[in-house]
Amino acid sequence: MKRIFRNITWPFRRFFRKCHNVLRWLPTIWKDEDWDDSFIVDILVKKLEHQRDYFRSERSVAMDAHKYADEIQKAIDGLRKTADSYDHYETPAYAEVDRKWGKGEFRFEPVEGNPVLCELHIDYPNVKTDEDKEQYNREYREAMQTAHKLYVKDKRAVYKYIADNIDKWWD
C-alpha cells in the first residue's frame, strides 16, 4: 500500500522539488551576465555547492557520500581561489614590489590640448632615478608574470581535478 501511495504522489512531489530547485537557483541566475567569465564560475560553484550539500545530507545513499562532499568542497575552494585572480595572485605580487619601492601615489596631470582628459602617473617613494624606474618596471613585470603563471597553473589544476572526479559524484 505504501508503494502505491508513493507511486501516485511521485509526480506531485517531483513538481514541488522542481519548484524548490528553481527558487534556490533564482538569486544566482538573477545576478548572471553574459559579458564576463566570472558568472560561469559562479554558476559552477553554485551547482557544486548544491551537490556537496546533498552528499552531506541524510538523503544521499552513496557509500562514500562524505568523501564526495569533501572532494567537491576542494573543487569549490579551488574555483573560488582562481575566480578572483586579483585578490589571490596579483595583490600579493603588488605587495612584494611595494615592500621594496614603497606604496605608489597616484597623481593626475591634464593632457595638453585637451582640458577634459587627464594622464595618470604613479609615483613610488623609492624610485629616484631613471635606473630605479627601469629596475622597478622590470621587477613589477616579473612579479606580475610569476603571479599569472601561478594563476594559470592553479586554474588548470582545479579544472583537471573536477574533470578527474566529476564522474563519481553521483548518487
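FYI, it's all coordinate maths here, none of it is from the lab. The structure presented is a predicted model; accordingly, all values stated were derived computationally and were not measured. Here the Cβ positions follow ideal geometry from the backbone for every residue, glycine too, while neighbour counts run over all protein chains shown.
Data table
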| read-out | value |
| --- | --- |
| Mean ellipticity per residue at 222 nm, deg cm²/dmol - from DSSP H runs of n ≥ 4 across the chain, formula -39500 (n - 2.57) | -23500 deg cm²/dmol |
| Residue order, fewest to most beta carbons within 10 Å, for Leu44, Leu26 | Leu26, Leu44 |
| Additional length obtainable on full extension of the chain from Glu109 to Ile29, 0.36 nm per residue less Cα span | 24.5 nm |
| Distance between modelled label sites at Glu142 and Tyr86, nm, 7 Å Cα→Cβ extension | 2.7 nm |
| Relative contact order %, the stretch 32-168, counting alpha carbon pairs below 8 Å whose residues are six or more apart | 22 percent |
| Cα centroid separation - the stretch 80-108 against the stretch 140-171, whole Å | 20 Å |
| Radius 14 Å from Cβ of Pro125, net charge of other residues (Lys, Arg +1; Asp, Glu -1) | +2 |
| Along each principal axis, Cα extent of the chain, largest first, Å | 88, 39, 20 |
| Gain upon complete extension [His121, Asp53; 0.36 nm per residue less C-alpha separation] | 19.6 nm |
| Quotient of Cα Rg and 2.2 N^0.38 Å for the stretch 6-54, N being how many residues it contains | 1.46 |
